Structures are given as C-alpha cells and as structure tokens.
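Report on the structure given below.
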Amino acid sequence: MQTYKIAVLKGDGIGPEIVEQAMKVLTKAGEKFGFEFDFQNELLGGAAIDATGVPLPQKTVDTCKAADSTLLGAVGGPKWDSQPGANRPEKGLLGIRAALGLFANLRPAVIFPELRSASPLKDEIIGDNLNILIVRELTGGIYFGERGRYTENGVEAAYDTEKYSVTEIERIVRVAFDMAMKRSKKLCSVDKANVLESSRLWRATVERISKDFPEVEVSYMYVDNCAMQLVRNPRQFDVIVTSNMFGDILSDEASMISGSIGMLASASLSAGKSGLYEPIHGSAPDIAGTGKANPLATILSGAMLLRYSLDQPKAADAIEAAVSAALKKGRTCDIAAENLPTLSCTEMGDLVCESLQ
Ligand code: NAD
Ligand code: IPM
Ligand code: MN
C-alpha cells in the first residue's frame with residue numbers, strides 16, 4: 001500500500017486539537033481510498049521555543065523537506081508575545097515558509113450552502129456557490145523586507161520595508177493566471193499602485209504577463225476599494241492575486257463571508273509538489289483547551305493536501321463532501337444553528353469521519 005510521509009506541526013493554542021481532527025479524517029480517507037500515512041510530529045512556534053529555545057528547530061525543517069507534504073495547525077499566543085521579534089513563534093512560521101520556498105498561498109473562500117445563514121452578509125449579496133480564490137504571495141514583501149529601530153532627533157523610530165523583485169512578482173502572478181485558466185478566467189490584481197512603487201512594479205508585471213494569457217479577463221483594484229467590494233459585492237471576484245500583507249488581511253475578511261474564520265483552508269506551495277497546508281486562522285488562545293475550536297478549516301486543508309501534493313483528488317472530494325454532510329448534522333460554536341446540536345472540536349472531527357463515503 002502507498003504510504004505518504006507527512007510532517008505534522010501542531011503548534012500552539014488550538015493547533016493540537018484541530019490538527020488531530022484533520023489527521024483522523026486523513027487516516028479515514030486513506031482507509032477508504034487505499035493509502036496510509038506516516039505522520040511525523042515536529043515542533044514549531046511557541047511549543048518549539050519552550051522545548052528548544054528557538055521557534056524553528058533545524059530538525060523541523062529537515063523533516064518537512066524529507067516529507068511528501070506538511071500539515072500545520074497554528075502558532076503563537078500571549079505567553080510568547082514579549083519575545084523579541086526574531087524569536088517569536090510567528091518568526092518560526094515565516095521561517096518554515098521561506099525554508100520550503102512556499103511562495104504561493106492559495107486561500108479559497110468558499111461558502112457551503114449549509115452555512116448561508118452563518119454569514120453576516122445577506123443571501124442576495126452572497127448568491128449561490130460563492131467561490132473566491134485569493135492567491136497571496138507568501139515569501140516576500142514587507143514580511144521579509146529590511147526592518148529595524150533607530151533614533152531620530154532623540155525620538156525612537158522603527159521601519160519595515162515593502163520590497164518586491166520582478167522575479168518574485170512574476171512567479172506568483174503566473175500561478176494566479178494558471179488558476180484563473182482552470183476557473184472562470186477572471187483575475188483581479190489587488191495593489192496600492194496609487195501610492196507604492198512596489199505596487200506599480202507589480203501592476204506593470206501583471207500587465208506584461210497577461211499577454212501570455214489572452215483568454216483571461218484582468219482587472220486591477222486598489223486594496224482599500226477591494227476590502228469594501230468584498231462585502232458590497234463579493235460575486236464580482238473569482239481569482240484575486242495580491243501581495244503578502246494585503247492577502248493576509250483580505251483573506252481574513254473573506255473568511256467571514258463563508259460564515260467563520262474556522263472554515264477557511266489554505267495551501268502554501270513552492271515550485272515543486274510538496275507543500276504546506278494550514279487553516280488561515282491563528283492559534284485562538286481565547287478558546288484553546290475549551291473544545292470550542294472549529295476543526296473544519298484544518299480538515300479542509302487536509303483535503304487540499306490530498307489534491308495538490310498527493311494527487312488524490314477523489315479522496316479530497318470525499319472529504320469536502322463529508323464536511324458538507326457534517327454541516328447538516330451538527331455545528332461547532334462559531335457556526336452554531338438553532339436546529340442542530342452544538343459539537344466540540346473532537347465531535348466535529350468524528351462526525352466528518354462518519355460522513356466520509
Ligand atoms: P486568531 O485567528 O487566532 O483568532 C481570531 C478570532 O477567531 C478569535 O476570537 C478566535 O477564537 C477565533 N477563531 C480562530 N480560529 C477559530 C476556529 N478554528 N474555531 C473557532 N474560532 C476561531 O487570530 P488572533 O487572535 O489575532 O491571533 C492569535 C494568535 O495566533 C497570535 O499569536 C497570532 O500571531 C497567531 N496567528 C497565527 C497564525 C498561524 O499560525 N498561521 C495565523 C493567524 C494568527
Ligand atoms: C497567517 C498569519 C501569519 C501571516 C502570521 C502569524 C505570521 O496571520 O497565516 O495568515 O501573517 O502570514
Ligand atoms: Mn493571517
């Protein structure tokens with residue numbers, strides 16, 4: 001039987017609870033579709049700081065590099081918030097993204113029809129089958145630019161630099177065009193080209209590459225307008241391509257359209273097949289250990305792992321169908337419905353397993 005090696009980085013806060021549900025569902029999908037997993041747990045984030053003193057131990061990088069793919073929960077929490085920037089849990093996450101060359105972050109904002117009433121937007125605004133794909137650049141921009149502190153006329157100051165090379169822009173934009181070609185052939189590039197030089201280079205690069213994809217209808221939007229348009233008329237979007245920080249912010253906003261941030265999965269991809277899969281939300285310290293976490297974003301990230309890294313699209317489809325079926329029978333707190341039982345994180349994981357056909 002085919003055995004896939006999966007590096008597992010549970011992380012902090014709700015990380016361990018949600019990743020365990022995804023591992024359970026992946027194992028069950030393997031049983032149905034004829035493959036199995038060799039899960040290899042490694043430390044990342046606060047858990048790694050506590051055990052080893054650093055947020056990204058070399059062993060974690062090595063295991064991820066040797067694995068077929070990586071599954072991640074979330075990192076961070078108040079316990080480590082006073083750490084210096086270079087030794088915060090989040091630095092470990094940025095480090096593993098960089099070490100694995102994961103420049104393309106796919107964040108699909110999909111609304112399951114069962115969750116229409118969980119969305120704060122009106123039915124007529126969401127429409128049927130809303131499905132937006134945010135393609136976020138993940139290893140460049142202000143997250144990785146030069147930063148520092150200094151003193152200016154006796155006053156403390158700090159800076160962070162937004163920087164993009166044409167190479168970095170071109171490779172993420174090509175991923176977005178490829179995705180658009182497989183979908184409705186519509187791409188919106190989001191930037192702040194009215195102010196930022198890096199955005200003007202971004203826009204010019206999109207324009208140049210668009211010549212290679214004449215079938216794709218390209219539009220450009222400033223990020224502030226996009227933030228507004230996402231709630232005014234989300235159906236105008238199909239694929240959105242944007243920089244690291246804008247993609248971070250817009251994807252949290254888009255997640256609410258789908259009912260909860262606990263529903264949004266993501267795939268972080270490099271030029272090769274092995275990727276890293278994680279929910280878009282964080283470690284939710286406010287609910288960690290209470291059993292209230294929604295594991296579906298992580299379970300759906302597991303489905304993306306099967307689709308993009310392991311070439312198991314039928315198993316991925318089956319997990320997505322099982323999530324849909326589970327949503328008809330029970331809900332976690334964040335997407336609670338009056339007529340359905342409220343489930344714990346573990347119970348929701350069990351329900352998805354039972355619903356797997
Ligand atoms: P967060 O996403 O952790 O939480 C925001 C809100 O959403 C909270 O009220 C939380 O309870 C809720 N929430 C998040 N995920 C949920 C889920 N699965 N089910 C139900 N409710 C959920 O964002 P934050 O509070 O800004 O950050 C908390 C910590 O997480 C910080 O240390 C931050 O740096 C870190 N973080 C990590 C990642 C990551 O590892 N990928 C992503 C975002 C934030
Ligand atoms: C995310 C998170 C991370 C990011 C943080 C924790 C570094 O918010 O994955 O969306 O900003 O990329
Ligand atoms: Mn984020």
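Exactly one residue out of ALA66, ALA98, ALA86 is modelled with pLDDT under 95, surrounded by fewer than 18 Cβ atoms within 10 Å (Cβ to Cβ) and out of contact with any helix residue (DSSP H, G or I) (no Cβ under 7 Å at 6 or more places or on another chain), and it is ALA86.
The single residue among MET221, MET228 that is among the aliphatic types (A, V, I, L, M) and assigned to a helix (DSSP H, G or I) turns out to be MET228. Selection of segment 38-63 for residues being of a type outside the set (A, V, I, L, M, F, W, C) and surrounded by fewer than 24 Cβ atoms within 10 Å (Cβ to Cβ) yields ASP38, GLN40, ASN41, GLU42, ASP50, THR52, GLY53, PRO57, GLN58, LYS59, ASP62, THR63.
Scan segment 277-287 and give yes if some residue there is surrounded by fewer than 18 Cβ atoms within 10 Å (Cβ to Cβ), in the same structural domain as GLY11 (by TED's automatic domain parsing), touching a residue at least 24 places away in the same chain (Cβ under 8 Å) and within 11 Å of ligand 1 (Cβ to nearest atom), otherwise no.
yes
Among all positions in segment 43-52, there is at least one residue which is assigned to a helix (DSSP H, G or I), within 12 Å of ligand 2 (Cβ to nearest atom) and in the same structural domain as ASN294 (by TED's automatic domain parsing). Given the structure, is PRO234 touching a Leu at 6+ places or on another chain (Cβ under 9 Å), modelled with pLDDT of 95 or more and within 16 Å of ligand 2 (Cβ to nearest atom)? When the stated conditions are applied, PRO234 does not pass them.
If you go through segment 241-273 and keep only what is within 11 Å of ligand 1 (Cβ to nearest atom), more than 24 Å from ALA316 (Cβ to Cβ) and either among the hydroxyl-bearing types (Ser, Thr, Tyr) or modelled with pLDDT under 95 (or both), you end up with just MET256. Checking GLN21 against (1) in a helix (DSSP H, G or I); (2) among the polar types (S, T, N, Q); (3) away from ligand 1 (no atom under 13 Å from the Cβ), which single condition isn't satisfied? It fails just one condition, (3).
Check segment 148-165 and report whether any residue there is in contact (Cβ under 8 Å) with a residue 40 or more places away in the chain, closer than 30 Å to LEU296 by Cβ and in contact with a Gly (Cβ under 7 Å, 6 or more places away or on another chain). No; the residues of segment 148-165 include none that is in contact (Cβ under 8 Å) with a residue 40 or more places away in the chain, closer than 30 Å to LEU296 by Cβ and in contact with a Gly (Cβ under 7 Å, 6 or more places away or on another chain). Look at (1) crowded, with 21+ Cβ neighbours inside 10 Å; (2) more than 16 Å from ligand 3 (Cβ to nearest atom) and you find that ILE14 fails only one, number (2). One residue stands out in segment 108-145 among those that are closer than 23 Å to ASN244 by Cβ and β-branched (Val, Ile, Thr): the one that is farthest from the chain's Cα centre (by Cα), namely ILE142.
The values are calculated or read from the model by the stated rules, or taken from the named source; none is laboratory data. Nothing here was measured: the structure is a model prediction, and the numbers come from that model. As a convention, Cβ positions derive from the backbone with ideal geometry for all residues, glycine included, and neighbour counts pool all protein chains shown.
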